[in-house]
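Some notes on the structure that comes next.
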Protein chains: 2
Amino acid sequence: MALTVVGSIAFDAVKTPFGERERMLGGAAVHFSLAASFFTEVRPVGPVGDDFGTEQFELLEARGIATSDVERVPGGQSFFWRGHYDFDLNVAHTDDTQLGVFGEFEPKLSDAAQAADTLFLANIQPDLQRQVRAQCGAAGFSGLDSMNLWIEIAKDSLLAAIAEVDCLVVNDAEIRMLTGESNLARAARAVMEMGPRAVVAKRGEYGAALFTEAGPDGGEQSFFALPGFPLEDVRDPTGAGDSFAGGFFGYLDGTGGDLDEANLRRAMGYGTVLASFNVEEFGTERVSRLQREEIDERFEALRRMTQFEALPASRG
Amino acid sequence: MALTVVGSIAFDAVKTPFGERERMLGGAAVHFSLAASFFTEVRPVGPVGDDFGTEQFELLEARGIATSDVERVPGGQSFFWRGHYDFDLNVAHTDDTQLGVFGEFEPKLSDAAQAADTLFLANIQPDLQRQVRAQCGAAGFSGLDSMNLWIEIAKDSLLAAIAEVDCLVVNDAEIRMLTGESNLARAARAVMEMGPRAVVAKRGEYGAALFTEAGPDGGEQSFFALPGFPLEDVRDPTGAGDSFAGGFFGYLDGTGGDLDEANLRRAMGYGTVLASFNVEEFGTERVSRLQREEIDERFEALRRMTQFEALPASRG
């Protein structure tokens, strides 16, 4: 199995109450790819500038990530984001965004990228997402992330893009905004009526919730939720959502695209675990040296933290 | 086993996008007692005015709630709260609060109330909480709720009250505010260093998290979390937190005060279920006609929505 992701490949400048970095590797496709690389073959697609050098390529390749669809544009500058977080790490404050080479991006995927079994369209302009989607006809499972900006300025394009994927993965506030429905369960149902058969609502430190069309209980709609993994040291939340998506889609692709409810729930677990490692340090620092055993250990800890049993009937 | 709760016994005026009520039975001790009444003997303590009539007493007594510690003050007015909710039902906007007879309240508990095995101090002025705590020396397990107001204007009293209980149950934002620590896991640990051996962080629609001093895994601190039960119809969130606490403490008291981790987790489940019924309709409307079978059914549904399994090792 193989996974293609399109999205920003970037440099980030980030300041949090726990430190700062002036220029580090970042971007949605980078965080996604690193997380997914523990489970499957992953291929990020996107443009970078001259400033994207050997060091950055090597960091990706050390995790087995295929970088031949990372397109280096001569004379260009890579996407750049500057942001900061205050006391409440759930809220990112954007101080600067420079699209650089992303402003002129016209996706032309290699044969290998087009042949992906699984496709993830990270948060970029929705028309670009649709262009990539159209080139990946073989993908049996596809997902899409977006943001409030596109709901505000390109809603029709975004709705068209959403209709073409199997799974929407966005923040819960964005699901509400997209559908104009304040109740999350209703909002998720409204999204599924647009096309996707699954909706993942990202909830920051509160974790993530999964809505699917029909569950093992035969109900109309199935619901599953996990809390964020509790951490005493959260240093930089940047990329948590992308790491979650990388763990989620990477695990699904790596297990042969098994989309039954039990496997989707495990994927939620791996997404949660990858997001938790991501936020422990700045940028890609923690995930780039992560070991598979650490992932499985934390997955099992998460499982223990969420399980409970009814009393036997004799006592109930 | 028997459970005493002290807190507001009130009339509420509430407006939400789904309707409004001009004057309905409410207050923390009322919502708590109704929820707890499905599991144990519960006795609310607090003052009401002349306006609190037969209809209100009958509603409580129909659920088997002992009302002899509800003190009727001649010539007085019951506690009154007016509030509204907009698109985001997580945020209550207070429009009016009239303390009424609560302004002069001096707790004098009956022998029966003092003999409780379990005690819950709902959100009232912390010196009042301490007076009640002092009168209930027999209680083997005690809990306390509070709010931002008391952290702001009576922090020392509140800290003293917290030191005297086993379990703090407050909103996660209040745990952060109380401790000055933005990281919830660290904040919960700081609370446990003040005295309590358990901390429940209420998270609105995101559910609730339980921190305990030492878990079954032998770790330093144990963590458990449940999402809010997903509902397509949420009409009035008022009293959700009190219903949660009523389900939680009621279940623990009803199962003989068994405080092991497995039973605490079940109690979290019942708290979640009672809160979910509470918000489906206005005020006490839904819970006052609830049946025990409905509770157990939703408890089991919640369990199914939160369980997941690792892949067998041969495939993992």
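The values are calculated or read from the model by the stated rules, or taken from the named source; none is laboratory data. All values derive from a computational prediction rather than experimental measurement. When we count neighbours, we look across all protein chains shown, and the Cβ atoms used for this are built from the backbone with ideal geometry, even at glycine.
Going by what's in this entry, would A:Gly49 be described as over 19 Å from A:Ser146 (Cα atoms), loosely packed, with under 15 Cβ neighbours inside 10 Å and among the small types (Gly, Ala, Ser)? Lay out the reasoning, then the answer.
Numbers: over 19 Å from A:Ser146 (Cα atoms): yes; loosely packed, with under 15 Cβ neighbours inside 10 Å: no; among the small types (Gly, Ala, Ser): yes.
In short, no.
A quick yes/no check of all residues on (1) facing another protein chain (nearest Cβ under 10 Å); (2) without any contact (Cβ under 8 Å) to a residue 12 or more places away in the chain; (3) surrounded by fewer than 21 Cβ atoms within 10 Å (Cβ to Cβ); (4) part of a helix (DSSP H, G or I):
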| site | (1), (2), (3), (4) |
| --- | --- |
| A:Ser276 | no, no, no, yes |
| A:Val279 | no, no, no, yes |
| A:Glu293 | no, yes, yes, yes |
| A:Glu297 | no, yes, yes, yes |
| A:Ala301 | yes, no, yes, yes |
| A:Arg304 | yes, yes, yes, yes |
| A:Glu309 | yes, yes, yes, no |
| A:Pro312 | no, yes, yes, no |
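What are the residues in the stretch B:282-291 that are in a loop (DSSP other than H, G, I, E, B) and in contact with a strand residue (DSSP E or B) (Cβ under 9 Å, 6 or more places away or on another chain), if any? I'd like the intermediate steps shown before the answer.
Within the stretch B:282-291, the subset in a loop (DSSP other than H, G, I, E, B) is B:282-286, B:290-291.
The answer is B:Phe282, B:Gly283, B:Thr284, B:Glu285.
State which residue is farthest from B:Arg82 (Cα to Cα) when the search covers only the stretch B:12-45 and only residues that are touching a Pro at 6+ places or on another chain (Cβ under 8 Å) and not hydroxyl-bearing (Ser, Thr, Tyr).
In this case the residue turns out to be B:Val45.
What pairs come out if I take residues in the stretch B:229-240 that are closer than 20 Å to B:Phe32 by Cβ and pair them with residues that are among the polar types (S, T, N, Q) and assigned to a loop (DSSP other than H, G, I, E, B) whose C-beta lies under 8 Å away, six or more apart or interchain?
Note: pairs meeting the criteria are B:Val234/A:Asn183; B:Pro237/B:Asn90; B:Gly239/B:Thr284.
Please pick out the residue among B:Phe244, B:Phe211 that is crowded, with 23+ Cβ neighbours inside 10 Å, part of a helix (DSSP H, G or I) and either in contact with a strand residue (DSSP E or B) (Cβ under 9 Å, 6 or more places away or on another chain) or among the small types (Gly, Ala, Ser) (or both).
Working: B:Phe211 fails: part of a helix (DSSP H, G or I).
Residue meeting the stated conditions: B:Phe244.
Being crowded, with 16+ Cβ neighbours inside 10 Å and either under 20 Å from the mean Cα position of the chain (by Cα) or assigned to a loop (DSSP other than H, G, I, E, B) (or both) is the filter here; which residues of the stretch A:100-119 pass it? Spell out the reasoning first.
Kept after step one, since they are crowded, with 16+ Cβ neighbours inside 10 Å, are these residues of the stretch A:100-119: A:100-102, A:105, A:107, A:109, A:113-114, A:116-119.
Within the stretch A:100-119, A:Phe102, A:Phe105, A:Pro107, A:Leu109, A:Ala113, A:Gln114, A:Ala116, A:Asp117, A:Thr118, A:Leu119 meet the criteria.
Collect the residues in the stretch B:66-85 that are out of contact with any Asp or Glu (no Cβ under 8 Å at 6 or more places or on another chain), crowded, with 20+ Cβ neighbours inside 10 Å and not aliphatic (A, V, I, L, M), keeping them in residue-number order.
Residues satisfying the conditions are B:Asp69, B:Phe79.
Taking the residues in the stretch B:123-138 that are part of a helix (DSSP H, G or I) and not aliphatic (A, V, I, L, M) as candidates, determine which candidate is surrounded by the fewest Cβ atoms within 10 Å (Cβ to Cβ). First the steps, then the outcome.
In the first step, residues of the stretch B:123-138 are kept if they are part of a helix (DSSP H, G or I); the result is B:126-135.
Imposing the further condition that a residue be not aliphatic (A, V, I, L, M) reduces the set to B:126-127, B:129-131, B:133, B:135.
Values: B:Pro126: 24, B:Asp127: 13, B:Gln129: 30, B:Arg130: 20, B:Gln131: 18, B:Arg133: 21, B:Gln135: 20.
Taking the candidates together, the pick is B:Asp127.
Quick check on B:Ala161: is it buried (at least 20 other Cβ atoms within 10 Å of the Cβ) and touching a Lys or Arg at 6+ places or on another chain (Cβ under 6 Å)?
yes
If you take just the strands (runs of 3 or more DSSP E) that sit entirely in the stretch A:13-76, which of them hold at least 3 residues that are touching a Leu at 6+ places or on another chain (Cβ under 8 Å)?
Details: elements: A:19-26, A:41-48, A:70-72.
In the stretch A:13-76, A:41-48 are the strands (runs of 3 or more DSSP E) which contain 3 or more residues that are touching a Leu at 6+ places or on another chain (Cβ under 8 Å).
Give the residue, chosen from B:Ser33, B:Ser68, that is hydroxyl-bearing (Ser, Thr, Tyr) and touching a strand residue (DSSP E or B) at 6+ places or on another chain (Cβ under 7 Å). Steps first, please.
On the way: B:Ser68 fails: touching a strand residue (DSSP E or B) at 6+ places or on another chain (Cβ under 7 Å).
Selected residue: B:Ser33, the only one of B:Ser33, B:Ser68 that is hydroxyl-bearing (Ser, Thr, Tyr) and touching a strand residue (DSSP E or B) at 6+ places or on another chain (Cβ under 7 Å).
When you scan the stretch A:238-268, how many residues do you find that are more than 12 Å from every other protein chain (Cβ to nearest Cβ) and modelled with pLDDT of 95 or more?
15
Identify, by number, the condition in (1) in a loop (DSSP other than H, G, I, E, B); (2) under 15 Å from the mean Cα position of the chain (by Cα); (3) of a type in the set (A, V, I, L, M, F, W, C) that B:Val199 doesn't meet.
Condition (1) is where B:Val199 drops out.
Restricting to helices (runs of 4 or more DSSP H) lying wholly in the stretch B:139-187: which have 1 or more residues that are within 29 Å of B:Ala112 (Cβ to Cβ) and in contact with a Phe, Trp or Tyr (Cβ under 7 Å, 6 or more places away or on another chain)? Step through it out loud before you land on a result.
Working: elements: B:148-153, B:155-163, B:172-179.
Helices (runs of 4 or more DSSP H) meeting the threshold: B:155-163.
For the stretch B:86-98: of the residues being within 20 Å of the chain's Cα centre (by Cα) and not polar (S, T, N, Q), which is nearest to the other protein chains (Cβ to nearest Cβ)?
Residues of the stretch B:86-98 that are within 20 Å of the chain's Cα centre (by Cα), as a first pass: B:89-94, B:97.
Checking the rest, the ones that are also not polar (S, T, N, Q) come to B:89, B:91-93.
On the way: B:Leu89: 7, B:Val91: 11, B:Ala92: 15, B:His93: 15 Å.
Of everything passing the filter in the stretch B:86-98, B:Leu89 is nearest to the other protein chains (Cβ to nearest Cβ).
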